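So the structure is just underneath, and the comments pick up after that.
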Amino acid sequence: MPTLLEALEEKYGMEPDDKEEHVEEEVLVSIFVPKLPPRQSTPQLLILNDCNIDRAGEPEDLKKKCRIVKELDLAQNKLNNWNEVFVILSHMPRVEFVNLSLNHLTGPIQKPPVTKMDHLRNLVLNNTKLEWCSVEKLLRLLPALEELHLSLNEYTHVLIDTVNSAAKSGDAGGDGPAAEEGLPAASNNNAKDDESTTATTSHSTPEDTTMMSSCSCSSPSSTSQPADQQKPADTTTVEPPPLQTDPHGGVRKLHLTGNYISEWGEICRIGRVFPQLEALVLADCPLRSLKPTDPQGNENEEESHKYFQNLKLLNLSNAKIDSWEDIDRLADFPSLCNVRLQYWPLWARTDSTTEHERRQLLIARLPNISILNGGDTIGAVEREDAERSFIRHYLDKPDAERPRRYYDLIGVHGQLDPLVNIDLRPERKVKVRFTFEDQAIERTVDVNRTVSDLKSRLERIFEVPAARMRLYYVDQDFRDLQGLEEMKYPHKVLYSYNIRSGDEIIIERKVKS
(Lines give C-alpha, C1' and ligand atoms only; values in the text may rest on other atoms or scores of the structure.)
Protein backbone atom coordinates (compact mmCIF):
# COMPACT_ATOMS: atom_id res chain seq x y z
CA MET A 1 0.00 0.00 0.00
CA PRO A 2 1.31 3.49 -0.78
CA THR A 3 2.47 6.03 1.74
CA LEU A 4 0.94 9.50 1.83
CA LEU A 5 4.03 10.85 0.10
CA GLU A 6 3.74 8.29 -2.72
CA ALA A 7 0.04 9.00 -3.18
CA LEU A 8 0.81 12.71 -3.26
CA GLU A 9 3.49 12.34 -5.93
CA GLU A 10 1.29 10.04 -7.99
CA LYS A 11 -1.59 12.51 -8.00
CA TYR A 12 0.36 15.73 -8.48
CA GLY A 13 3.37 14.49 -10.42
CA MET A 14 7.07 14.13 -9.61
CA GLU A 15 9.20 17.04 -8.64
CA PRO A 16 10.42 18.88 -11.75
CA ASP A 17 14.07 19.16 -12.77
CA ASP A 18 15.83 21.88 -10.81
CA LYS A 19 18.20 22.70 -13.66
CA GLU A 20 17.80 26.23 -14.91
CA GLU A 21 17.51 27.01 -18.60
CA HIS A 22 20.36 29.15 -19.99
CA VAL A 23 19.15 32.08 -22.03
CA GLU A 24 21.23 33.00 -25.06
CA GLU A 25 22.49 36.56 -25.09
CA GLU A 26 20.82 37.42 -28.40
CA VAL A 27 17.30 36.69 -26.99
CA LEU A 28 15.65 40.04 -26.37
CA VAL A 29 12.43 38.80 -24.66
CA SER A 30 12.59 36.68 -21.49
CA ILE A 31 9.66 34.71 -20.07
CA PHE A 32 9.44 33.83 -16.36
CA VAL A 33 8.56 30.16 -15.76
CA PRO A 34 7.71 29.15 -12.12
CA LYS A 35 10.06 26.60 -10.63
CA LEU A 36 7.08 24.42 -9.66
CA PRO A 37 4.19 24.42 -12.15
CA PRO A 38 0.76 24.83 -10.49
CA ARG A 39 -0.25 21.28 -11.40
CA GLN A 40 2.78 19.82 -9.63
CA SER A 41 2.74 22.01 -6.51
CA THR A 42 0.95 20.77 -3.42
CA PRO A 43 -2.30 22.74 -2.90
CA GLN A 44 -3.47 24.18 0.38
CA LEU A 45 -6.50 21.89 0.09
CA LEU A 46 -5.01 18.40 -0.17
CA ILE A 47 -7.50 15.63 -1.03
CA LEU A 48 -6.16 12.08 -0.97
CA ASN A 49 -9.21 10.04 -0.01
CA ASP A 50 -9.57 6.37 -0.97
CA CYS A 51 -5.88 6.01 -1.94
CA ASN A 52 -5.09 3.01 0.34
CA ILE A 53 -2.63 5.13 2.35
CA ASP A 54 -1.37 3.38 5.50
CA ARG A 55 1.84 5.31 6.33
CA ALA A 56 3.23 8.82 6.23
CA GLY A 57 6.38 8.36 4.14
CA GLU A 58 9.83 9.98 4.20
CA PRO A 59 9.64 12.77 6.86
CA GLU A 60 11.93 15.30 5.14
CA ASP A 61 10.20 15.02 1.76
CA LEU A 62 6.80 15.14 3.45
CA LYS A 63 7.76 18.27 5.35
CA LYS A 64 9.05 19.92 2.17
CA LYS A 65 5.91 19.16 0.16
CA CYS A 66 3.19 19.71 2.77
CA ARG A 67 4.30 22.77 4.73
CA ILE A 68 1.58 24.99 3.18
CA VAL A 69 -1.33 22.53 3.50
CA LYS A 70 -4.29 23.98 5.43
CA GLU A 71 -6.99 21.40 4.72
CA LEU A 72 -6.29 17.67 4.58
CA ASP A 73 -8.78 15.00 3.47
CA LEU A 74 -7.57 11.43 4.11
CA ALA A 75 -10.99 9.77 4.34
CA GLN A 76 -11.39 6.09 3.48
CA ASN A 77 -7.74 5.08 3.62
CA LYS A 78 -5.95 2.31 5.53
CA LEU A 79 -4.58 4.33 8.43
CA ASN A 80 -4.88 2.39 11.70
CA ASN A 81 -2.03 3.79 13.77
CA TRP A 82 -2.27 7.18 15.46
CA ASN A 83 1.52 7.53 15.40
CA GLU A 84 1.37 7.69 11.60
CA VAL A 85 -1.38 10.30 11.81
CA PHE A 86 0.67 12.45 14.17
CA VAL A 87 3.74 12.13 11.92
CA ILE A 88 1.66 13.40 9.02
CA LEU A 89 0.24 16.32 11.02
CA SER A 90 3.60 17.26 12.51
CA HIS A 91 4.82 18.12 8.99
CA MET A 92 1.79 20.29 8.27
CA PRO A 93 2.18 23.18 10.73
CA ARG A 94 -0.57 25.24 9.08
CA VAL A 95 -3.26 22.56 8.88
CA GLU A 96 -6.67 23.72 10.16
CA PHE A 97 -9.01 20.99 8.86
CA VAL A 98 -8.43 17.22 8.89
CA ASN A 99 -10.83 14.51 7.72
CA LEU A 100 -9.90 10.97 8.82
CA SER A 101 -13.32 9.37 8.35
CA LEU A 102 -13.54 5.67 7.48
CA ASN A 103 -10.02 4.94 8.72
CA HIS A 104 -9.95 2.22 11.39
CA LEU A 105 -8.46 4.26 14.24
CA THR A 106 -9.61 2.31 17.28
CA GLY A 107 -6.09 1.77 18.57
CA PRO A 108 -4.60 3.61 21.54
CA ILE A 109 -2.99 7.03 21.28
CA GLN A 110 0.62 7.12 22.39
CA LYS A 111 2.63 10.25 22.99
CA PRO A 112 2.80 12.13 19.66
CA PRO A 113 5.93 13.75 18.24
CA VAL A 114 4.34 17.17 18.90
CA THR A 115 2.69 18.05 22.18
CA LYS A 116 -0.09 20.25 20.77
CA MET A 117 -1.44 21.27 17.40
CA ASP A 118 -2.41 24.89 17.89
CA HIS A 119 -3.91 25.55 14.45
CA LEU A 120 -6.23 22.55 13.99
CA ARG A 121 -9.81 23.81 14.29
CA ASN A 122 -11.92 21.16 12.53
CA LEU A 123 -11.49 17.40 12.99
CA VAL A 124 -13.71 14.79 11.28
CA LEU A 125 -13.57 11.25 12.71
CA ASN A 126 -16.79 9.74 11.38
CA ASN A 127 -17.02 5.95 11.25
CA THR A 128 -13.54 5.44 12.72
CA LYS A 129 -14.80 3.51 15.80
CA LEU A 130 -12.64 5.82 17.91
CA GLU A 131 -12.82 5.03 21.62
CA TRP A 132 -13.74 7.73 24.13
CA CYS A 133 -10.39 7.58 25.93
CA SER A 134 -8.75 8.49 22.62
CA VAL A 135 -11.22 11.34 22.19
CA GLU A 136 -10.22 12.64 25.60
CA LYS A 137 -6.52 12.53 24.73
CA LEU A 138 -7.12 14.28 21.42
CA LEU A 139 -8.96 17.09 23.18
CA ARG A 140 -5.90 17.78 25.31
CA LEU A 141 -3.72 17.89 22.17
CA LEU A 142 -6.02 20.25 20.27
CA PRO A 143 -6.55 23.46 22.29
CA ALA A 144 -7.78 25.39 19.21
CA LEU A 145 -10.37 22.75 18.18
CA GLU A 146 -13.74 24.32 17.34
CA GLU A 147 -15.64 21.62 15.42
CA LEU A 148 -15.58 17.86 16.07
CA HIS A 149 -17.34 15.11 14.10
CA LEU A 150 -17.86 11.73 15.82
CA SER A 151 -20.78 10.38 13.79
CA LEU A 152 -21.43 6.68 13.03
CA ASN A 153 -19.01 5.41 15.69
CA GLU A 154 -21.55 3.04 17.31
CA TYR A 155 -21.46 4.81 20.68
CA THR A 156 -24.15 3.78 23.15
CA HIS A 157 -22.77 5.89 25.99
CA VAL A 158 -20.65 9.02 26.40
CA LEU A 159 -17.62 7.86 28.36
CA ILE A 160 -16.02 11.21 29.14
CA ASP A 161 -17.15 13.67 31.79
CA THR A 162 -15.79 16.55 33.87
CA VAL A 163 -17.09 15.10 37.14
CA ASN A 164 -16.13 11.91 38.89
CA SER A 165 -18.93 9.40 38.31
CA ALA A 166 -18.55 7.71 41.72
CA ALA A 167 -18.45 11.03 43.56
CA LYS A 168 -21.45 12.28 41.62
CA SER A 169 -23.55 9.20 42.36
CA GLY A 170 -22.87 9.59 46.07
CA ASP A 171 -23.47 13.32 46.19
CA ALA A 172 -27.26 13.56 45.90
CA GLY A 173 -27.37 13.46 42.17
CA GLY A 174 -24.26 15.54 41.56
CA ASP A 175 -25.28 18.81 43.21
CA GLY A 176 -21.94 19.27 44.94
CA PRO A 177 -19.55 22.14 44.19
CA ALA A 178 -17.60 20.29 41.54
CA ALA A 179 -20.72 19.32 39.66
CA GLU A 180 -22.28 22.76 40.04
CA GLU A 181 -19.30 24.61 38.65
CA GLY A 182 -18.52 22.01 35.94
CA LEU A 183 -15.03 21.53 37.41
CA PRO A 184 -13.17 18.23 37.78
CA ALA A 185 -14.07 16.45 40.98
CA ALA A 186 -11.71 14.64 43.32
CA SER A 187 -10.00 11.46 42.23
CA ASN A 188 -12.11 8.35 42.14
CA ASN A 189 -11.11 6.52 45.31
CA ASN A 190 -13.95 4.06 44.96
CA ALA A 191 -12.84 2.53 41.66
CA LYS A 192 -13.54 -1.20 41.59
CA ASP A 193 -11.53 -2.22 38.58
CA ASP A 194 -8.22 -1.46 36.94
CA GLU A 195 -9.87 0.39 34.06
CA SER A 196 -11.40 3.17 36.17
CA THR A 197 -8.31 3.37 38.38
CA THR A 198 -6.08 3.83 35.36
CA ALA A 199 -8.43 6.42 33.87
CA THR A 200 -8.48 8.50 37.05
CA THR A 201 -4.80 8.20 37.85
CA SER A 202 -3.83 9.39 34.38
CA HIS A 203 -4.99 12.89 35.27
CA SER A 204 -2.81 13.23 38.31
CA THR A 205 0.39 13.06 36.26
CA PRO A 206 1.90 15.86 34.16
CA GLU A 207 0.52 16.27 30.68
CA ASP A 208 3.63 15.14 28.89
CA THR A 209 3.48 11.71 30.57
CA THR A 210 -0.24 10.97 30.23
CA MET A 211 -0.16 9.64 26.68
CA MET A 212 -0.39 6.01 27.68
CA SER A 213 0.32 3.17 25.32
CA SER A 214 -2.92 1.34 26.15
CA CYS A 215 -6.48 2.55 26.13
CA SER A 216 -8.17 2.24 29.52
CA CYS A 217 -11.76 2.63 28.43
CA SER A 218 -13.77 0.53 26.03
CA SER A 219 -16.72 1.19 23.80
CA PRO A 220 -19.13 -1.02 21.87
CA SER A 221 -16.99 -0.48 18.81
CA SER A 222 -14.06 -2.32 20.35
CA THR A 223 -15.80 -5.67 20.34
CA SER A 224 -15.26 -8.18 17.60
CA GLN A 225 -18.95 -8.23 16.73
CA PRO A 226 -19.62 -6.91 13.20
CA ALA A 227 -21.21 -3.51 12.90
CA ASP A 228 -24.31 -4.87 11.23
CA GLN A 229 -24.92 -7.16 14.23
CA GLN A 230 -24.75 -4.42 16.84
CA LYS A 231 -27.98 -3.89 18.74
CA PRO A 232 -28.63 -0.18 19.15
CA ALA A 233 -31.66 -0.71 21.35
CA ASP A 234 -29.70 -2.75 23.91
CA THR A 235 -28.73 -0.32 26.65
CA THR A 236 -28.25 -2.98 29.33
CA THR A 237 -24.60 -3.57 28.39
CA VAL A 238 -22.32 -2.86 31.36
CA GLU A 239 -20.15 0.12 30.48
CA PRO A 240 -17.06 1.33 32.36
CA PRO A 241 -17.44 4.60 34.27
CA PRO A 242 -16.83 7.80 32.29
CA LEU A 243 -13.26 9.01 32.06
CA GLN A 244 -12.79 12.19 34.06
CA THR A 245 -11.39 15.06 32.00
CA ASP A 246 -11.14 18.83 31.94
CA PRO A 247 -13.70 21.00 30.11
CA HIS A 248 -12.69 22.02 26.59
CA GLY A 249 -13.68 25.65 26.12
CA GLY A 250 -12.95 25.82 22.40
CA VAL A 251 -15.35 23.32 20.82
CA ARG A 252 -18.42 25.09 19.41
CA LYS A 253 -19.86 22.39 17.12
CA LEU A 254 -20.24 18.67 17.76
CA HIS A 255 -21.72 16.05 15.41
CA LEU A 256 -22.86 12.68 16.84
CA THR A 257 -25.20 11.62 14.03
CA GLY A 258 -26.07 7.94 13.75
CA ASN A 259 -24.83 6.75 17.14
CA TYR A 260 -26.88 4.57 19.49
CA ILE A 261 -27.16 6.96 22.44
CA SER A 262 -30.69 6.83 23.85
CA GLU A 263 -30.53 8.66 27.23
CA TRP A 264 -30.34 12.43 27.64
CA GLY A 265 -28.21 11.96 30.76
CA GLU A 266 -25.40 10.83 28.43
CA ILE A 267 -25.80 14.02 26.40
CA CYS A 268 -25.51 16.10 29.59
CA ARG A 269 -21.93 14.80 29.86
CA ILE A 270 -21.29 16.37 26.45
CA GLY A 271 -22.55 19.69 27.83
CA ARG A 272 -20.17 19.50 30.78
CA VAL A 273 -17.15 18.61 28.63
CA PHE A 274 -17.94 21.35 26.06
CA PRO A 275 -19.41 24.28 28.05
CA GLN A 276 -19.19 26.69 25.08
CA LEU A 277 -21.05 24.36 22.70
CA GLU A 278 -23.24 26.25 20.17
CA ALA A 279 -24.32 23.52 17.72
CA LEU A 280 -25.12 19.90 18.60
CA VAL A 281 -26.20 17.43 15.88
CA LEU A 282 -27.88 14.27 17.23
CA ALA A 283 -29.75 13.22 14.09
CA ASP A 284 -30.57 9.49 13.83
CA CYS A 285 -29.82 8.92 17.52
CA PRO A 286 -32.60 6.95 19.28
CA LEU A 287 -33.08 9.44 22.11
CA ARG A 288 -36.27 8.62 24.00
CA SER A 289 -36.63 11.81 26.02
CA LEU A 290 -34.96 15.06 27.03
CA LYS A 291 -35.63 14.22 30.68
CA PRO A 292 -32.44 13.09 32.46
CA THR A 293 -32.34 11.09 35.67
CA ASP A 294 -29.76 10.94 38.43
CA PRO A 295 -28.01 7.66 39.38
CA GLN A 296 -30.86 6.86 41.78
CA GLY A 297 -33.41 7.13 38.95
CA ASN A 298 -34.90 10.44 40.11
CA GLU A 299 -35.91 12.97 37.48
CA ASN A 300 -34.03 16.26 37.36
CA GLU A 301 -35.66 18.80 35.05
CA GLU A 302 -32.89 21.37 35.49
CA GLU A 303 -30.33 18.95 34.08
CA SER A 304 -32.05 19.05 30.66
CA HIS A 305 -30.65 22.47 29.85
CA LYS A 306 -28.28 23.30 32.71
CA TYR A 307 -25.12 22.46 30.77
CA PHE A 308 -26.18 23.98 27.45
CA GLN A 309 -26.24 27.69 28.23
CA ASN A 310 -24.71 28.67 24.87
CA LEU A 311 -26.41 26.10 22.62
CA LYS A 312 -28.03 27.76 19.60
CA LEU A 313 -28.62 24.85 17.19
CA LEU A 314 -29.93 21.39 18.08
CA ASN A 315 -30.71 18.66 15.54
CA LEU A 316 -32.91 15.86 16.93
CA SER A 317 -34.31 14.48 13.68
CA ASN A 318 -35.28 10.79 13.76
CA ALA A 319 -35.24 10.66 17.56
CA LYS A 320 -37.65 8.33 19.37
CA ILE A 321 -39.33 11.12 21.32
CA ASP A 322 -43.07 10.71 21.78
CA SER A 323 -44.04 13.45 24.23
CA TRP A 324 -45.08 17.10 23.98
CA GLU A 325 -43.45 17.63 27.38
CA ASP A 326 -40.07 17.22 25.68
CA ILE A 327 -41.00 20.08 23.33
CA ASP A 328 -41.65 22.22 26.40
CA ARG A 329 -38.21 21.29 27.75
CA LEU A 330 -36.62 22.72 24.59
CA ALA A 331 -38.13 26.08 25.51
CA ASP A 332 -35.96 26.12 28.66
CA PHE A 333 -32.67 26.19 26.75
CA PRO A 334 -31.66 29.86 27.18
CA SER A 335 -29.87 30.44 23.84
CA LEU A 336 -31.54 27.86 21.59
CA CYS A 337 -32.96 29.45 18.41
CA ASN A 338 -32.60 26.79 15.67
CA VAL A 339 -34.01 23.24 15.97
CA ARG A 340 -34.74 20.26 13.72
CA LEU A 341 -37.47 17.97 15.07
CA GLN A 342 -38.45 15.90 12.05
CA TYR A 343 -39.61 12.27 11.82
CA TRP A 344 -40.55 11.77 15.47
CA PRO A 345 -43.07 9.12 16.62
CA LEU A 346 -44.94 12.04 18.17
CA TRP A 347 -45.91 13.32 14.73
CA ALA A 348 -47.37 9.94 13.73
CA ARG A 349 -49.53 10.14 16.84
CA THR A 350 -50.86 13.56 15.81
CA ASP A 351 -51.95 12.61 12.30
CA SER A 352 -55.28 14.37 12.90
CA THR A 353 -53.48 17.68 12.46
CA THR A 354 -52.04 18.96 9.20
CA GLU A 355 -48.36 19.77 8.74
CA HIS A 356 -49.20 23.48 8.95
CA GLU A 357 -51.08 22.96 12.22
CA ARG A 358 -48.17 20.98 13.70
CA ARG A 359 -45.81 23.78 12.77
CA GLN A 360 -48.10 26.27 14.51
CA LEU A 361 -48.20 24.14 17.66
CA LEU A 362 -44.40 23.96 17.70
CA ILE A 363 -43.90 27.68 17.11
CA ALA A 364 -46.34 28.53 19.88
CA ARG A 365 -44.64 26.19 22.37
CA LEU A 366 -41.11 27.42 21.52
CA PRO A 367 -41.06 31.21 22.01
CA ASN A 368 -37.29 31.59 21.44
CA ILE A 369 -37.01 29.51 18.27
CA SER A 370 -36.50 31.57 15.11
CA ILE A 371 -35.72 28.71 12.65
CA LEU A 372 -37.72 25.49 12.70
CA ASN A 373 -36.76 22.41 10.67
CA GLY A 374 -34.56 24.42 8.33
CA GLY A 375 -37.34 26.73 7.12
CA ASP A 376 -37.40 30.50 6.81
CA THR A 377 -37.00 32.72 9.84
CA ILE A 378 -40.21 32.83 11.84
CA GLY A 379 -41.65 36.33 11.54
CA ALA A 380 -43.79 38.27 14.00
CA VAL A 381 -46.99 37.71 12.02
CA GLU A 382 -46.49 33.95 11.75
CA ARG A 383 -45.71 33.70 15.45
CA GLU A 384 -48.79 35.66 16.49
CA ASP A 385 -51.01 33.55 14.23
CA ALA A 386 -49.47 30.38 15.67
CA GLU A 387 -49.98 31.53 19.26
CA ARG A 388 -53.60 32.46 18.67
CA SER A 389 -54.22 29.14 16.94
CA PHE A 390 -52.57 27.39 19.89
CA ILE A 391 -54.96 29.06 22.36
CA ARG A 392 -58.00 28.05 20.31
CA HIS A 393 -56.64 24.50 19.95
CA TYR A 394 -56.87 24.06 23.72
CA LEU A 395 -60.05 26.05 24.35
CA ASP A 396 -62.24 22.95 24.54
CA LYS A 397 -59.66 20.81 26.34
CA PRO A 398 -59.88 20.17 30.10
CA ASP A 399 -57.38 21.95 32.35
CA ALA A 400 -55.45 18.74 32.92
CA GLU A 401 -54.58 18.58 29.21
CA ARG A 402 -53.58 22.22 28.84
CA PRO A 403 -49.80 22.84 28.88
CA ARG A 404 -48.28 25.67 30.87
CA ARG A 405 -47.63 27.55 27.64
CA TYR A 406 -51.40 27.91 27.15
CA TYR A 407 -51.70 30.09 30.25
CA ASP A 408 -48.63 32.12 29.29
CA LEU A 409 -50.25 32.95 25.94
CA ILE A 410 -53.60 33.78 27.57
CA GLY A 411 -51.70 36.47 29.47
CA VAL A 412 -50.36 37.85 26.15
CA HIS A 413 -53.38 37.59 23.84
CA GLY A 414 -56.24 37.29 26.33
CA GLN A 415 -59.10 34.80 26.24
CA LEU A 416 -60.03 34.28 22.59
CA ASP A 417 -63.38 33.22 21.18
CA PRO A 418 -63.46 30.14 18.96
CA LEU A 419 -63.52 30.82 15.25
CA VAL A 420 -66.83 30.40 13.44
CA ASN A 421 -66.64 27.46 11.07
CA ILE A 422 -68.02 28.77 7.78
CA ASP A 423 -68.03 26.35 4.88
CA LEU A 424 -68.13 28.32 1.62
CA ARG A 425 -67.87 25.29 -0.61
CA PRO A 426 -70.92 24.70 -2.87
CA GLU A 427 -73.17 21.75 -2.27
CA ARG A 428 -72.04 18.75 -4.26
CA LYS A 429 -75.38 16.90 -4.25
CA VAL A 430 -78.63 18.87 -4.84
CA LYS A 431 -82.23 17.73 -5.33
CA VAL A 432 -83.70 19.12 -8.57
CA ARG A 433 -87.20 18.84 -10.09
CA PHE A 434 -87.21 17.66 -13.74
CA THR A 435 -90.26 18.43 -15.91
CA PHE A 436 -90.98 16.91 -19.31
CA GLU A 437 -94.38 17.53 -20.88
CA ASP A 438 -96.84 16.23 -18.27
CA GLN A 439 -94.21 14.30 -16.24
CA ALA A 440 -92.43 15.73 -13.18
CA ILE A 441 -89.93 13.87 -10.98
CA GLU A 442 -87.24 14.80 -8.40
CA ARG A 443 -83.73 13.46 -8.61
CA THR A 444 -80.43 14.09 -6.78
CA VAL A 445 -77.84 15.59 -9.09
CA ASP A 446 -74.04 15.84 -8.73
CA VAL A 447 -73.23 19.47 -9.62
CA ASN A 448 -69.67 18.46 -10.67
CA ARG A 449 -71.08 16.74 -13.78
CA THR A 450 -71.46 18.43 -17.15
CA VAL A 451 -74.62 19.23 -19.11
CA SER A 452 -73.75 16.40 -21.50
CA ASP A 453 -73.57 13.89 -18.60
CA LEU A 454 -76.94 15.11 -17.33
CA LYS A 455 -78.59 14.63 -20.73
CA SER A 456 -77.25 11.07 -20.93
CA ARG A 457 -78.86 10.23 -17.59
CA LEU A 458 -82.16 11.91 -18.50
CA GLU A 459 -82.20 9.98 -21.77
CA ARG A 460 -82.84 6.74 -19.85
CA ILE A 461 -85.55 8.29 -17.70
CA PHE A 462 -87.67 10.17 -20.27
CA GLU A 463 -86.73 8.12 -23.35
CA VAL A 464 -85.64 11.20 -25.29
CA PRO A 465 -82.35 10.95 -27.22
CA ALA A 466 -79.72 13.26 -25.78
CA ALA A 467 -79.05 14.72 -29.21
CA ARG A 468 -82.76 15.71 -29.48
CA MET A 469 -82.97 17.18 -25.97
CA ARG A 470 -83.07 20.82 -24.83
CA LEU A 471 -82.66 21.74 -21.15
CA TYR A 472 -83.79 24.96 -19.45
CA TYR A 473 -82.69 25.90 -15.95
CA VAL A 474 -85.20 27.67 -13.67
CA ASP A 475 -83.93 29.38 -10.50
CA GLN A 476 -86.60 29.08 -7.82
CA ASP A 477 -85.91 32.60 -6.49
CA PHE A 478 -85.76 34.39 -9.85
CA ARG A 479 -88.37 32.48 -11.84
CA ASP A 480 -90.51 35.57 -12.45
CA LEU A 481 -87.60 37.98 -13.00
CA GLN A 482 -85.28 36.23 -15.42
CA GLY A 483 -87.37 33.32 -16.69
CA LEU A 484 -85.68 30.30 -18.28
CA GLU A 485 -81.96 29.89 -19.03
CA GLU A 486 -81.15 27.42 -21.76
CA MET A 487 -78.33 25.00 -20.90
CA LYS A 488 -76.89 24.95 -24.41
CA TYR A 489 -73.21 24.22 -23.75
CA PRO A 490 -72.63 20.45 -23.38
CA HIS A 491 -69.27 20.72 -21.52
CA LYS A 492 -70.36 23.36 -19.03
CA VAL A 493 -70.31 22.10 -15.41
CA LEU A 494 -73.62 22.22 -13.55
CA TYR A 495 -72.33 24.12 -10.51
CA SER A 496 -71.56 27.09 -12.80
CA TYR A 497 -75.37 27.65 -12.98
CA ASN A 498 -75.44 27.97 -9.16
CA ILE A 499 -77.95 25.12 -8.97
CA ARG A 500 -79.44 24.58 -5.51
CA SER A 501 -81.88 22.14 -4.04
CA GLY A 502 -85.42 23.11 -5.03
CA ASP A 503 -84.54 24.46 -8.48
CA GLU A 504 -86.12 23.10 -11.65
CA ILE A 505 -84.88 21.89 -15.05
CA ILE A 506 -87.38 21.77 -17.94
CA ILE A 507 -86.82 19.24 -20.74
CA GLU A 508 -88.05 19.83 -24.29
CA ARG A 509 -87.79 17.68 -27.39
CA LYS A 510 -86.17 19.39 -30.37
CA VAL A 511 -88.56 19.85 -33.30
CA LYS A 512 -87.34 18.42 -36.59
CA SER A 513 -86.80 21.16 -39.13
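The values are calculated or read from the model by the stated rules, or taken from the named source; none is laboratory data. Owing to the predicted nature of the structure, the values given are computational and were not obtained by experimental measurement. With ideal geometry, Cβ positions are generated from the backbone for all residues, glycine too; neighbour counts draw on all protein chains shown. Quick note on the areas: whole protein, heavy atoms, side chains included, nothing else; ligands and nucleic acids left out. Shrake-Rupley method; radii C 1.70, N 1.55, O 1.52, S 1.80 Å.
Tabulated values for the structure
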item: Vicinal HN-Hα couplings computed from phi for the range 436-453 (Karplus, 6.51 cos²θ - 1.76 cosθ + 1.60; Hz; Gly/Pro x); result: 9, 6, 9, 9, 8, 9, 10, 9, 8, 10, 7, 6, 7, 7, 8, 4, 5, 4
item: For the range 465-505, alpha-carbon Rg relative to the globular expectation (2.2 N^0.38 Å, N residues); result: 1.19
item: Listed residues SER317, SER90 arranged by accessible area, highest first, probe 1.4 Å; result: SER90, SER317
item: Calculated from backbone phi, Karplus (6.51, -1.76, 1.60) coupling profile of the range 505-511 in Hz, x at Gly/Pro; result: 10, 9, 10, 10, 8, 5, 8
item: Overall dimensions of the range 98-144 by Cα: Rg and Dmax, Å; result: 10.5, 26
item: D_trans [Stokes-Einstein, Kirkwood Rh over alpha-carbon pairs] for the range 368-513, 25 °C, 0.890 mPa s, µm² s⁻¹; result: 123
item: Rounded to whole Hz, the Karplus (6.51, -1.76, 1.60) HN-Hα couplings of the range 484-495, x for glycine and proline; result: 8, 10, 6, 9, 8, 9, x, 9, 6, 7, 5, 5
item: For the range 351-393 versus the range 118-157, the gap between their alpha-carbon centres in whole angstrom; result: 36
item: Net charge, ARG55 excluded, C-beta distance under 11 Å - Lys, Arg +1, Asp, Glu -1; result: -3
item: Relative contact order (%) - criterion: Cα under 8 Å, at least six apart; region: the range 345-490; result: 12
item: Along principal axes, Cα extents of the range 34-156, largest first, whole Å; result: 54, 28, 24
item: The range 347-450: translational diffusion in µm²/s, Stokes-Einstein, Kirkwood Rh over Cα pairs, 37 °C, 0.692 mPa s; result: 187
item: Neighbourhood net charge (11 Å Cβ-Cβ; Lys/Arg +1, Asp/Glu -1) for ASN310; result: +1
item: Taking the range 310-425 and dividing mean pair separation by its residue count, relative contact order in percent (alpha carbons under 8 Å, at least six apart); result: 22
item: MET469 long-range amide H proximity, modeled H, under 5 Å; result: LYS510
